[in-house]
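Have a look at the structure below, then the notes.
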Amino acid sequence: MTVLTPARSSTTYGSAVVSPHELATAAGLEIMAAGGNSVDAAIATNAVQGVVAPETCGIGGDLFALIHRPGLATPTYLNASGRAGSGASAAALREAGHDVMPLFHPAAITVPGCVDGWLALHERYGTRPFADVLEPAIRLAAGGFPASVELADSFTRRADELANVASARAMYPEGRNPVPGARIVRLDLARTLRTVAAGDRAGFYEGEFGAALTEATGGTITATDCSRPLADWMDPLGRHVFGLTAWTSPPNTQGYLTLATARTFELTDPPIDPDNPDFWHLLIEAYRSSSWERDDLVADPDTAPLAPEDLVAEQRLAARAGAIDPASTGVWPAHPRASGGTAYMCAIDDDGLAISLIQSNFHGIGAGIGAGDTGVLLHNRGGGFNLRPGHANELTPGRRPLHTLAPTLWTEGEDLRLLLGTRGGHQQPQLLATAAALHLYAGLEPADAQAYPRWTTEHLDGDRSDVQLEGRVRNVVAAELAERGHIVSIGPDWPAANGPISMIAVRADGLRTAAADPRVDTALAAAR
């Protein structure tokens, strides 16, 4: 088997946190050390992540979470994703000459659901005062933190676009592009977070931030839109695969693709050895067999054309598995690619309460538009809508768009076995199904599953399968995939875009292994 470079991992019978940034992970552990539970820790982790890595997430974006409670077979699921404003109009965009949703445009901004998500999570599960949970984020925003390589790169790339955005000014110390290690102080965001920490929803959504959001969108989002709560407790989507029950977020997210890919792969009777080219080919084809129709099936739950459970029904997936040729690529319709700015984090506490949480600004920093001088950079999740008249995902007032976010949680009966998630836009189900197959089917330890080479496909074009492989992949695998019809390209050895995956695996005896992704320098798994 391929020799691997170990990922950063930690084992414990107690509490653990994994996130894309060491300061965020440290905040989660700090809150648990002060008596908080895993949900308190996840909120603190998320809040700090948005402060120190705004190229991934922040309170200008949306949130989804799955929570496992010991002794219960089904997790709870929170959908805190935003809705299009009352003034949203697909017809107006079409008349203005747009054929597709403009991404870096006020029309792509929906009401951000993150703060509503925090409040809902804390109300149901939190044990520490909400202000205490947000204190690490406020402390870092007001006192400063060192810029990471990713932060410096992201804000330098978009400097021209953000130069006149008041909420982005703090990211450019003394008016210069940030460099790794530079001290970033976000006093404007600290002020806004103090408002959020008061626990008063209206103070945030209907106060300074809400007014700035309305102005930033040219009135498309109104005060009435801001007053509508965005956090909804809903049923998660689950299905049996790899001997466990895998749970994820149903539409309006693409989470079903992880489950569909994993189960379709399992139904092809693949080899257990992940060094076998058949393992790679069947996994890629399992994804391709379902992903082609995603854009017509994922929409607001009120308008989605199929029930969530139908998307992963055994008969449906068995038919897809039966259509996969072990010797060549299949022919599947296409879907376009979009990049993602997302952060996934997971936590488990001493009592076994666990959370799988994902939060995002979408295209890196988002729409490139700020909410006045609140320090909040606004997402562009409305880019998940389309402009096709009558389509279930057409931009429509009050509707939620297609989301790429896809957290997962895996159980065996009433026992937790795995928390797993990643950033990666459209590639999230590819990365997650691969990690799950490596750990749960091939039997790799979490650190080895994290470090194992990955594949991604940026787009599917009819009878083409364009696959990028990490540079560490064995030559025989690349050659065999090309022989079977995949158009293979070789990428970097450790591409940051192929993660970071965060995972916590739980053995039957209760040992927890938290593993961070070696592809991102700031990612950290820690336990106490």
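The values are calculated or read from the model by the stated rules, or taken from the named source; none is laboratory data. On a predicted model such as this, the values are computed, not experimentally measured, just so you know. Positions of Cβ are generated from backbone atoms using ideal geometry, with glycine treated the same way; all protein chains shown enter the neighbour counts. Ligands, DNA and RNA are stripped out before the accessible areas are found, and what is left, the full protein with its side chains, is counted by its heavy atoms. Shrake-Rupley method; radii C 1.70, N 1.55, O 1.52, S 1.80 Å.
When you scan region 129-138, do you find a residue that is modelled with pLDDT of 95 or more, assigned to a helix (DSSP H, G or I) and among the acidic types (Asp, Glu), even just one? Give the derivation first.
As a first pass, look at region 129-138 and keep what is modelled with pLDDT of 95 or more: 129-138.
From what is left, the residues that are assigned to a helix (DSSP H, G or I) are 130-138.
Filter again for among the acidic types (Asp, Glu), leaving 132, 135.
Taking every residue of region 129-138 in turn, at least one turns out to be modelled with pLDDT of 95 or more, assigned to a helix (DSSP H, G or I) and among the acidic types (Asp, Glu).
Do you know which residues across region 394-413 are among the polar types (S, T, N, Q), open to solvent by less than 20 Å² (accessible area, probe 1.4 Å), at pLDDT 95 or above and in a loop (DSSP other than H, G, I, E, B)? Spell out how you get there, then give the answer.
Filtering region 394-413 down to residues among the polar types (S, T, N, Q) leaves 396, 404, 408, 411.
If we keep only those that are open to solvent by less than 20 Å² (accessible area, probe 1.4 Å) as well, we get 404, 408, 411.
From what is left, the residues that are at pLDDT 95 or above are 408, 411.
Passing the criteria: none in range.
Only one entry in Ala24, Ala73 is on the phi < 0 side of the Ramachandran plot and surrounded by 24 or more Cβ atoms within 10 Å (Cβ to Cβ), namely Ala24.
If you filter region 199-240 down to residues that are touching a Phe, Trp or Tyr at 6+ places or on another chain (Cβ under 8 Å) and part of a loop (DSSP other than H, G, I, E, B), you find that the one that is nearest to Gly58 (Cα to Cα) is Gly199.
Figure legend. Inter-residue proximity from region 130-141: first residues over 13 Å from Gly50 (Cα atoms), second residues open to solvent by 30 Å² or more (accessible area, probe 1.4 Å) and in a helix (DSSP H, G or I), beta-carbon distance below 6 Å, spacing 6+ or different chains. Indicated pairs: Phe130/His122.
Which of the residues spanning region 476-490 are open to solvent by 40 Å² or more (accessible area, probe 1.4 Å) and at pLDDT below 95? Once the filter is applied, which keeps residues that are open to solvent by 40 Å² or more (accessible area, probe 1.4 Å) and at pLDDT below 95, region 476-490 yields only Ile487.
Just one residue in the set Ala44, Ala27 is more than 14 Å from Ser356 (Cα to Cα) and either in contact with an Asp or Glu (Cβ under 9 Å, 6 or more places away or on another chain) or not in a strand (DSSP E or B) (or both); that residue is Ala27. Please indicate, with yes or no, whether at least one residue in region 321-335 is in contact (Cβ under 8 Å) with a residue 12 or more places away in the chain, at positive phi and open to solvent by less than 50 Å² (accessible area, probe 1.4 Å). The answer is no; no qualifying residue exists.
Checking the condition over 30 Å from Gly390 (Cα atoms) and either at pLDDT 95 or above or of a type in the set (Ser, Thr, Tyr) (or both), which residue from Val39, Val111 passes? Give the steps one after another, and end with the answer.
On the way: Val111 fails: over 30 Å from Gly390 (Cα atoms).
Checking each option against the conditions leaves just Val39.
Scanning region 416-443 for residues that are among the β-branched types (Val, Ile, Thr) and not in a helix (DSSP H, G or I) gives a single hit, Thr422. Contact annotation: residue pairs with Cβ atoms under 8 Å, 6 or more positions apart or on different chains, pairing a residue in region 89-112 that is assigned to a helix (DSSP H, G or I) with a partner that is acidic (Asp, Glu), are Ala90/Glu394. Can you tell me which residue in region 74-88 is nearest to Gly60 (Cα to Cα), limited to those that are among the polar types (S, T, N, Q) and part of a loop (DSSP other than H, G, I, E, B)? Among residues in region 74-88 that are among the polar types (S, T, N, Q) and part of a loop (DSSP other than H, G, I, E, B), the one nearest to Gly60 (Cα to Cα) is Ser81. Once region 496-505 is narrowed to residues that are of a type in the set (A, V, I, L, M) and out of contact with any Phe, Trp or Tyr (no Cβ under 8 Å at 6 or more places or on another chain), the residue that is most open to solvent (accessible area, probe 1.4 Å) is Ala497.
Please verify whether region 304-320 includes one or more residues that are under 28 Å from Thr396 (Cβ atoms), surrounded by fewer than 18 Cβ atoms within 10 Å (Cβ to Cβ) and among the polar types (S, T, N, Q). Checked against the condition, which is being under 28 Å from Thr396 (Cβ atoms), surrounded by fewer than 18 Cβ atoms within 10 Å (Cβ to Cβ) and among the polar types (S, T, N, Q), region 304-320 yields no hits at all.
Could you count how many residues in region 276-299 are assigned to a loop (DSSP other than H, G, I, E, B) and open to solvent by 10 Å² or more (accessible area, probe 1.4 Å)?
Going through region 276-299, the residues assigned to a loop (DSSP other than H, G, I, E, B) turn out to be 276, 292-293, 298-299.
Retained after the next criterion (residues that are open to solvent by 10 Å² or more (accessible area, probe 1.4 Å)): 276, 292-293.
Residues meeting the conditions: 3.
Selection of region 32-58 for residues being among the β-branched types (Val, Ile, Thr) and either open to solvent by 10 Å² or more (accessible area, probe 1.4 Å) or within 17 Å of Thr422 (Cβ to Cβ) (or both) yields Thr45, Thr56. No other residue among Gly366, Gly382 is closer than 21 Å to Gly97 by Cβ, within 20 Å of the chain's Cα centre (by Cα) and open to solvent by less than 10 Å² (accessible area, probe 1.4 Å) apart from Gly382.
Glu394: touching a helix residue (DSSP H, G or I) at 6+ places or on another chain (Cβ under 9 Å) and among the acidic types (Asp, Glu), yes or no? Even if it seems obvious, please write down each step before you answer.
Values: touching a helix residue (DSSP H, G or I) at 6+ places or on another chain (Cβ under 9 Å): yes; among the acidic types (Asp, Glu): yes.
Answer is yes for this residue.
Looking at Asp493, Asp509, Asp521, which one is open to solvent by 30 Å² or more (accessible area, probe 1.4 Å), modelled with pLDDT under 95, more than 19 Å from Ser356 (Cβ to Cβ) and assigned to a loop (DSSP other than H, G, I, E, B)? Just one listed residue meets the conditions, Asp521.
Report yes if some residue within region 266-276 is of a type in the set (A, V, I, L, M, F, W, C), modelled with pLDDT of 95 or more and under 20 Å from Val473 (Cβ atoms); otherwise report no. Explain how you work it out, then say what you get.
So in region 266-276, the residues of a type in the set (A, V, I, L, M, F, W, C) come out as 267, 272.
Within this subset, residues satisfying the condition of being modelled with pLDDT of 95 or more are 267, 272.
Now drop any that are not under 20 Å from Val473 (Cβ atoms), which leaves 272.
Checking region 266-276: at least one residue is of a type in the set (A, V, I, L, M, F, W, C), modelled with pLDDT of 95 or more and under 20 Å from Val473 (Cβ atoms).
Consider region 86-110 and keep the residues that are under 29 Å from Arg194 (Cα atoms) and out of contact with any strand residue (DSSP E or B) (no Cβ under 9 Å at 6 or more places or on another chain). The one that is most open to solvent (accessible area, probe 1.4 Å) is Ser86.
Out of Ile348, Ile358, report the one residue that is modelled with pLDDT of 95 or more, in contact with a Pro (Cβ under 7 Å, 6 or more places away or on another chain), of a type in the set (A, V, I, L, M, F, W, C) and on the phi < 0 side of the Ramachandran plot.
Values: Ile348 fails: in contact with a Pro (Cβ under 7 Å, 6 or more places away or on another chain).
Every option except Ile358 fails the conditions.
Among residues of region 255-278 that are free of Cβ contacts under 8 Å to residues at least 40 places away in the same chain, those with a beta-carbon under 7 Å from a residue that is open to solvent by less than 50 Å² (accessible area, probe 1.4 Å) at least six positions away or on a different chain give the pairs Pro271/Phe279.
Taken together, Ala152, Ala159, Ala182 contain a single residue that is over 28 Å from Asp116 (Cα atoms), open to solvent by less than 60 Å² (accessible area, probe 1.4 Å) and within 24 Å of the chain's Cα centre (by Cα), which is Ala152.
Taking into account only those residues within region 253-273 that are in contact with a Leu (Cβ under 6 Å, 6 or more places away or on another chain) and in a loop (DSSP other than H, G, I, E, B), which is least open to solvent (accessible area, probe 1.4 Å)? Looking at the filtered set, the residue picked out is Pro270.
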